[in-house]
Amino acid sequence: MKTEDIIKRAKRLSAPYRVTDGGSFRLRDIDPGGLLYFKEDGRERAAEALSFGVRALAELQELLYAQDEWAVLLIFQAMDAAGKDGAIQHVMSGVNPTGCQVYSFKAPSSEDLDHDYLWRSMKCLPERGRIGIFNRSYYEETLVVRVHPELLKRQKLPRVLADDEPWQGRFKDIRNFERYLTRNGTVIRKFYLHMSKEEQTRRLLERLDDPDLTWKFSPNDLSEREYWDAYMNAFEETIRRTATPHAPWYVVPADHKWFTRVVVAAAVVEALASLNLAFPKVSEQTLESFENARQILTRTDVREAREKDLVVPG
Ligand code: ATP
Ligand code: MG
C-alpha cells in the first residue's frame, strides 16, 4: 500500500477518538471495548494495518529528522496495566532510535519537588527533528495529585499561594504551556488509553498467575483501584479542560491491546503527515561546493590508482 493511502486510512481510523474541544466530551461516550470497524475477528487485519502504519511512520520520521524543524511530543496516560508500554513499543518499533526519546515519569524526587511541577518535564522535551515520548507526564498533576490531595501538600508551595483547589489554575497553565510549545514548533498529541475496570481485574490476575508476568505486579496498582471512580472523574475533567485543536487528546479504547496499538499508530501517522514534511532543499551554492568535492574525490581516486600502479611489481 502506498504511503499516501496509509495516511488517508490513518486519518479515518484515528478521527473518532480525537478530542479537540473538551466542552462536550464525556468519558462514558467512549466504550473501552470498542473496535470500530474491526470487530472481534479483526485482529489479523488490525495487525496488517499496524505494520503499514509502522512503515509509514519510519518514512515520516526520517523526513522529520532530516528537516530538523519540528519536534513531536507524544504523551501517554492511563490506569495501571492499560498497555502504555506495549503501545509505545509496538507503535515505535520501526523508527530509528536516534530520532526518538522516551521518558517515564515516576513519583517526583526531592529535587523535582524543589521546583515548579513543569520543571522536570521541560528538561525532557524533544529536540527539533525528534519524537519525544512521555510515559506519564505533567498530567499526573491533575490526576494522581488530585485523587490524593496529600501529594499536593508535599509540593512545598509557599503558604500564601497554597490552594486546596488549584486544578482550574493548573488546567489553564497546562493549556498555556502547550500553546507556547506549539507556537515554537513542538507538535503535541496526548493519548488516554481507556480501559474498563473489569479488564484491569483480568490483567492484574494474569500478572499474578503467570510467572513471566509477576514482576509487573505492584501492590500499589491494587490500592489505586480503590480510587477508580475518582480517577475516572479526574481523567474526564482533565481531558475536558485541556483538549485543544493544537494539542488534542485521543481517548483510545484499551480493552483490546491490538486495537489500541493500531489506533495510536494511526494518530501518530496523522500527526506527522499533517506537517507536510520534506527533505531539505540544498542551495545552488551548496550544490556548487558539492561539485567541487566530487572533483577532488575523483582526482584523489585517479592519483591513488596511479600510485598503486607504480608499486605493482613489473
Ligand atoms: P507505570 O505504572 O507507568 O507502568 P511503573 O509501574 O514502572 O510505571 P510506578 O512506580 O507505578 O512505575 O510509577 C509510576 C507512579 O508514579 C504512578 O503511581 C504515578 O501516579 C506516579 N507519579 C508520576 N508522576 C507523578 C507526580 N507528578 N506526582 C505524584 N506521583 C506521580
Ligand atoms: Mg505502575
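Among the listed residues GLU59, GLU48, GLU69, which satisfies the condition of being assigned by TED's automatic domain parsing to the domain that holds ARG240 and without any contact (Cβ under 8 Å) to a residue 12 or more places away in the chain? Please lay out each step first, then the result.
On the way: GLU59 fails: without any contact (Cβ under 8 Å) to a residue 12 or more places away in the chain; GLU69 fails: without any contact (Cβ under 8 Å) to a residue 12 or more places away in the chain.
Result: GLU48 is the single residue among GLU59, GLU48, GLU69 that is assigned by TED's automatic domain parsing to the domain that holds ARG240 and without any contact (Cβ under 8 Å) to a residue 12 or more places away in the chain.
Taking only pairs six or more apart or across chains, which ones have beta-carbon atoms under 9 Å, a first residue in region 130-150 that is within 15 Å of GLN168 (Cα to Cα), and a second residue that is within 16 Å of ligand 2 (Cβ to nearest atom) and among the polar types (S, T, N, Q)?
TYR139/GLN77; GLU140/GLN77; LEU143/GLN77
Test GLU165 against the criterion of being without any contact (Cβ under 8 Å) to a residue 40 or more places away in the chain, within 14 Å of GLU237 (Cβ to Cβ), over 22 Å from the mean Cα position of the chain (by Cα) and exposed (fewer than 11 other Cβ atoms within 10 Å of the Cβ), and give yes or no. Reasoning before the result, please.
Values: without any contact (Cβ under 8 Å) to a residue 40 or more places away in the chain: yes; within 14 Å of GLU237 (Cβ to Cβ): yes; over 22 Å from the mean Cα position of the chain (by Cα): yes; exposed (fewer than 11 other Cβ atoms within 10 Å of the Cβ): yes.
Answer is yes for this residue.
Got a sec? Which helices (runs of 4 or more DSSP H) wholly within region 143-218 have at least 1 residues that are within 16 Å of ligand 1 (Cβ to nearest atom) and within 30 Å of GLY129 (Cα to Cα)? Steps first, answer last, please.
Working: elements: 144-147, 150-153, 167-183, 197-209.
Counting at least 1 such residues, we get 167-183.
State yes or no: is ALA81 more than 11 Å from the chain's Cα centre (by Cα) and surrounded by 18 or more Cβ atoms within 10 Å (Cβ to Cβ)? Give the derivation first.
Details: more than 11 Å from the chain's Cα centre (by Cα): yes; surrounded by 18 or more Cβ atoms within 10 Å (Cβ to Cβ): yes.
Answer is yes for this residue.
From TRP215, TRP258, TRP249, grab the single residue that is within 19 Å of the chain's Cα centre (by Cα), over 16 Å from VAL19 (Cβ atoms) and of a type in the set (Phe, Trp, Tyr). Quick ask: steps written out before the conclusion?
Working: TRP215 fails: within 19 Å of the chain's Cα centre (by Cα); TRP249 fails: over 16 Å from VAL19 (Cβ atoms).
The match here is TRP258.
Restricting attention to region 221-272, which residues are of a type in the set (Val, Ile, Thr) and within 14 Å of ligand 1 (Cβ to nearest atom)?
First, pick out the residues of region 221-272 that are of a type in the set (Val, Ile, Thr): 238-239, 242, 244, 251-252, 260, 262-264, 268-269.
Scanning region 221-272 gives a single hit, THR238.
Restricting attention to helices (runs of 4 or more DSSP H) lying wholly within region 60-140, give those where 3 or more residues are in contact with a helix residue (DSSP H, G or I) (Cβ under 8 Å, 6 or more places away or on another chain).
On the way: elements: 84-91, 110-113, 119-122.
Counting at least 3 such residues, we get 84-91, 119-122.
Take the residues in region 109-162 that are polar (S, T, N, Q) and surrounded by 15 or more Cβ atoms within 10 Å (Cβ to Cβ); name whichever of them is farthest from ligand 2 (Cβ to nearest atom). Give the derivation first.
Going residue by residue through region 109-162, those that are polar (S, T, N, Q) are 109-110, 121, 135, 137, 142, 155.
Narrowing further to those that are surrounded by 15 or more Cβ atoms within 10 Å (Cβ to Cβ): 121, 135, 137, 142, 155.
Values: SER121: 19, ASN135: 10, SER137: 14, THR142: 18, GLN155: 21 Å.
In this case the residue turns out to be GLN155.
Of (1) buried (at least 18 other Cβ atoms within 10 Å of the Cβ); (2) within 16 Å of ligand 2 (Cβ to nearest atom), GLU178 satisfies all except one. Which?
Going through (1) buried (at least 18 other Cβ atoms within 10 Å of the Cβ); (2) within 16 Å of ligand 2 (Cβ to nearest atom) one by one, GLU178 breaks only (2).
The values are calculated or read from the model by the stated rules, or taken from the named source; none is laboratory data. Everything quoted here is computed from the prediction, not taken from an experiment. Cβ coordinates were reconstructed from backbone atoms using ideal geometry, including for glycine residues, and neighbour counts include every protein chain displayed.
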